[in-house]
Amino acid sequence: MPPESASERPPGVKPLEEASPRTGSGLDTPVQYLKGVGPRWVKPLEKLGLFTVRDVLHHLPRRYEDRRNIPPIRELRPGQWATVRGVVDRFEGRPTRRGMVVLRATLRDRTGSVTLTWFNQPWIRRQLEGYDGEIFAYGQVKEGDYGYEIHSPEYELIGDEENEDFARIIPVYPLTEGVSQKTVRRAVLSAVQGYLQGVEDPLPSSLLRKYDLQPLDWSLREIHQPSSEEHRLAARRRLVFEEFFYLQLTLAMRRAESQIEAGITFPVTALLEGRPVSVPPGEPASNLFLEEGRVSELASLPLWDQVRRMLPFELTGAQKRVIEEVWRDMERPHPMNRLVQGDVGAGKTAVAACAMLAAVRGGYQAALMAPTEILAEQHAAGLARLFDLVGIEVVLLVGKQTATQRRKALEKTRTGQAAIAVGTHAIIQSDVEFARLGLVVIDEQHRFGVLQRAALREKGAGNPDVLVMTATPIPRTLTMALFGDLDVSVIEELPPGRKPIRTYWKPSGQRAEVMEGVRKLVEGGKQAYIVCPMVSESEKMQAQAAEELYRDLVAGTFRDLRVGLLHGQMKPKDKEEVMERFRAHELDVLVSTTVIEVGVDVPNATAMVIEDANRFGLSQLHQLRGRVGRGADQSFCVLVADARTEDARSRMAILQETTDGFKIAEEDLRLRGPGELIGTRQSGNLDFKIADLVIDGKMLEVARQAAMEVVAKDPHLAAPSMKRVAERLREERSDLAVLATS
């Protein structure tokens with residue numbers, strides 16, 4: 001509760017009786033009643049999500065500025081993140097050919113100057129043009145054409161009141177347009193001084209003692225107004241734990257629920273021993289249980305014997321281990337929820353095929369959902385070749401099929417004649433029916449929305465098993481955060497005979513000799529990919545870049561070679577025609593966007609050139625590189641990039657040094673964060689207020705262990721000591737339900 005007497009209450013904070021009866025009380029007091037806010041700043045603060053005092057207290061600093069020691073501008077160095085102080089002695093704005101507005105300010109102190117640059121932020125002109133006072137600016141220093149620059153810096157005008165208390169550590173808060181640091185700092189100061197005593201700690205004291213955590217009110221005070229670095233770190237530790245704890249509780253509760261749900265029990269032990277398996281009376285049987293011919297004979301073989309007949313290669317030890325983990329899950333009475341991770345080329349599809357085989361021999365159908373039509377078609381073709389050897393029919397369901405093709409595929413799926421269906425999101429449309437769906441395999445699951453995954457699962461007989469595959473190596477911390485409700489298997493071993501891809505980094509000035517090297521490989525009978533730069537998140541702009549690169553190569557370097565073009569804006573029929581020509585070696589070189597990133601498999605393609613490689617993330621470069629090296633021949637990847645910064649050079653060096661996708665993913669997580677790494681913006685909320693998956697990995701493990709222990713003792717958080725935790729979980733982190741259903 002806020003202070004009751006005027007003498008105790010900070011100036012400007014209204015007593016409760018002065019607030020409207022509709023506005024709540026205590027921590028629910030509207031933000032306008034905080035000193036320094038008032039009605040004028042309500043709307044801008046609401047854009048930040050700050051509606052009440054509680055919101056303000058939990059609006060945490062994103063960093064701190066030590067204004068006791070700000071370096072002179074002449075001491076700045078490229079790559080450094082720095083706060084500078086100076087006078088704007090020149091300001092200009094100009095439009096670009098693409099319609100953007102570039103604003104530049106020259107910030108000068110008595111030792112030198114640095115250029116501050118903003119893109120498409122016209123409101124900055126209103127503040128800085130003609131301003132003759134000092135400002136602070138913060139950002140990363142880069143080498144520009146005319147000296148050092150800071151792109152899109154945070155900045156703050158220095159007023160008289162700032163000068164009075166300048167030499168201290170200042171919290172810097174997340175902002176939005178129209179809200180200044182001063183406004184947020186005043187609101188936070190008022191909330192901390194007047195309302196902290198009303199904060200109730202949701203974590204039980206037993207948990208605080210066990211994990212050596214500070215109380216919430218103390219932690220909020222020290223995170224906003226640290227009295228020492230030691231106290232700030234202790235406060236941060238407590239808040240990081242709590243944020244991870246809510247996430248891990250949600251995932252642990254989801255995991256516990258799935259383990260008590262009734263699922264399908266596949267007769268894997270009987271299948272392994274070659275004992276006959278019957279379909280329950282009244283259930284539709286697939287064509288695998290006909291009493292005559294090759295199918296019946298094959299279906300009676302022990303399961304591993306069938307696997308050896310189906311697969312044209314020897315499984316690695318890692319693949320066998322993961323297959324056995326999957327089969328054990330399938331035999332349990334609860335639904336399987338397992339994630340299979342493996343680097344590019346590790347053989348995840350073979351694992352999925354063995355899971356499907358067990359499901360079908362147990363009397364059920366299996367479905368595989370892939371994120372793109374190209375990948376779905378490739379999966380369907382590959383699985384059809386494998387399963388034809390053991391008498392199992394595979395059908396394809398994608399959007400581009402003719403009405404006749406789709407009608408036949410739907411009929412085979414509905415009757416059970418086709419035991420396996422492969423498709424994109426077309427597989428979850430309302431007209432798709434399964435006779436007896438028992439296993440759902442989802443490839444590259446983070447590319448699907450939760451509702452899409454749930455819709456496929458709902459088509460099952462009872463509660464089907466779910467096997468999730470990803471070729472994106474995921475760091476351990478991100479796996480715990482995103483997939484904590486899943487069992488995880490890792491295929492860490494590549495098939496024998498695969499040679500490591502030799503990777504080289506070349507500056508753009510050596511592009512001609514790179515292309516000459518590609519020509520020599522093509523003349524030797526091999527094929528190559530040329531990947532165009534990712535000029536934008538827009539598929540249309542990427543397509544334009546690919547078309548331009550294609551025209552240049554066809555008119556110049558590769559004018560006598562067979563060159564194809566592939567990008568996401570092409571019609572599905574045209575894309576498949578290009579890929580089919582490339583697979584059939586009717587094309588020597590394929591110019592492509594990142595549409596080839598996942599799943600494209602052409603063993604004769606042994607060269608990959610990635611233009612402007614510095615525009616891509618490490619994990620994406622690794623995924624692209626994985627399109628070569630699919631056969632026994634030595635393969636090469638050339639990164640063409642003018643890496644001007646130390647950071648860019650180190651990224652290129654990492655790719656040259658290692659082909660270990662997990663090491664690369666860890667480095668990518670450190671450099672870019674989780675959202676960029678695997679597109680997690682589409683797969684759940686990882687926008688932590690204070691926790692950081694890169695630096696807080698150990699605390700994530702602590703929070704996960706704590707959550708698992710709590711849920712093991714109290715699955716529904718019904719104990720009185722967990723009442724506030726349950727309330728916070730429902731009210732403030734209800735978005736975690738998205739992750740819980742992943």
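Values computed for the structure shown
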{"quantity": "Scan of the range 630-652 for residues that are under 25 Å from the mean Cα position of the chain (by Cα), of a type in the set (Gly, Ala, Ser) and open to solvent by 30 Å² or more (accessible area, probe 1.4 Å), ordered by number", "calculated": "SER650"}
{"quantity": "Count - residues of the range 145-179 that are modelled with pLDDT of 80 or more, in a strand (DSSP E or B) and surrounded by fewer than 16 Cβ atoms within 10 Å (Cβ to Cβ)", "calculated": "2"}
{"quantity": "Residue within the range 563-573 that is surrounded by fewer than 16 Cβ atoms within 10 Å (Cβ to Cβ) and either touching a Leu at 6+ places or on another chain (Cβ under 9 Å) or aliphatic (A, V, I, L, M) (or both) present", "calculated": "no"}
{"quantity": "Which listed residue is without any contact (Cβ under 8 Å) to a residue 60 or more places away in the chain and either under 29 Å from LEU494 (Cβ atoms) or surrounded by fewer than 23 Cβ atoms within 10 Å (Cβ to Cβ) (or both), from ARG583, ARG615, ARG627", "calculated": "ARG583"}
{"quantity": "Contacts under 6 angstrom Cβ, first residue in the range 254-270 being more than 13 Å from PRO333 (Cα to Cα), partner open to solvent by less than 30 Å² (accessible area, probe 1.4 Å), 6 or more apart", "calculated": "ARG254/ASP485; ARG254/ALA740; ARG255/ASP485; ALA256/VAL711"}
{"quantity": "Any hit, the range 625-633, residues being within 30 Å of PRO78 (Cβ to Cβ), in contact with a strand residue (DSSP E or B) (Cβ under 9 Å, 6 or more places away or on another chain) and not polar (S, T, N, Q)", "calculated": "yes"}
{"quantity": "Listing of helices (runs of 4 or more DSSP H) fully contained in the range 180-270 that carry 3 or more residues being open to solvent by 10 Å² or more (accessible area, probe 1.4 Å), acidic (Asp, Glu) and over 17 Å from ILE170 (Cβ atoms)", "calculated": "229-260"}
{"quantity": "Any chance LEU50 is over 28 Å from GLU200 (Cβ atoms) and either part of a loop (DSSP other than H, G, I, E, B) or free of Cβ contacts under 8 Å to residues at least 40 places away in the same chain (or both)", "calculated": "no"}
{"quantity": "The listed residue being touching a helix residue (DSSP H, G or I) at 6+ places or on another chain (Cβ under 6 Å) and aliphatic (A, V, I, L, M), out of VAL591, VAL554", "calculated": "VAL591"}
{"quantity": "Single match in THR83, THR115, THR111 (criterion: of a type outside the set (A, V, I, L, M) and touching a Phe, Trp or Tyr at 6+ places or on another chain (Cβ under 6 Å))", "calculated": "THR83"}
{"quantity": "Top-ranked residue in the range 316-342 [being of a type in the set (Gly, Ala, Ser) and open to solvent by less than 10 Å² (accessible area, probe 1.4 Å); ranked as modelled with the highest pLDDT]", "calculated": "ALA318"}
{"quantity": "Strands (runs of 3 or more DSSP E) wholly inside the range 457-525 that include at least 1 residues being open to solvent by 10 Å² or more (accessible area, probe 1.4 Å) and within 20 Å of GLY617 (Cα to Cα)", "calculated": "502-506"}
{"quantity": "Condition met for GLY399 (over 27 Å from the mean Cα position of the chain (by Cα) and of a type in the set (Gly, Ala, Ser))", "calculated": "no"}
{"quantity": "Leading residue by the ranking (least open to solvent (accessible area, probe 1.4 Å)) among those in the range 364-414 that are of a type in the set (Ser, Thr, Tyr) and at pLDDT 90 or above", "calculated": "THR413"}
{"quantity": "Answer residue from the range 344-356, given it is out of contact with any Leu (no Cβ under 7 Å at 6 or more places or on another chain) and in a loop (DSSP other than H, G, I, E, B) and is surrounded by the most Cβ atoms within 10 Å (Cβ to Cβ) among those", "calculated": "VAL344"}
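Residue-wise test of (1) assigned to a helix (DSSP H, G or I); (2) under 30 Å from VAL31 (Cα atoms); (3) not charged (D, E, K, R).
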{"residue": "GLU46", "(1), (2), (3)": "yes, yes, no"}
{"residue": "HIS59", "(1), (2), (3)": "no, yes, yes"}
{"residue": "ARG68", "(1), (2), (3)": "no, no, no"}
{"residue": "ARG77", "(1), (2), (3)": "no, no, no"}
{"residue": "ALA82", "(1), (2), (3)": "no, no, yes"}
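The values are calculated or read from the model by the stated rules, or taken from the named source; none is laboratory data. These numbers were taken from a predicted model, which means no experiment stands behind them. With ideal geometry, Cβ positions are generated from the backbone for all residues, glycine too; neighbour counts draw on all protein chains shown. Accessible surface is based on the protein model in full, side chains and every heavy atom, while ligands, DNA and RNA are left aside. Shrake-Rupley method; radii C 1.70, N 1.55, O 1.52, S 1.80 Å.
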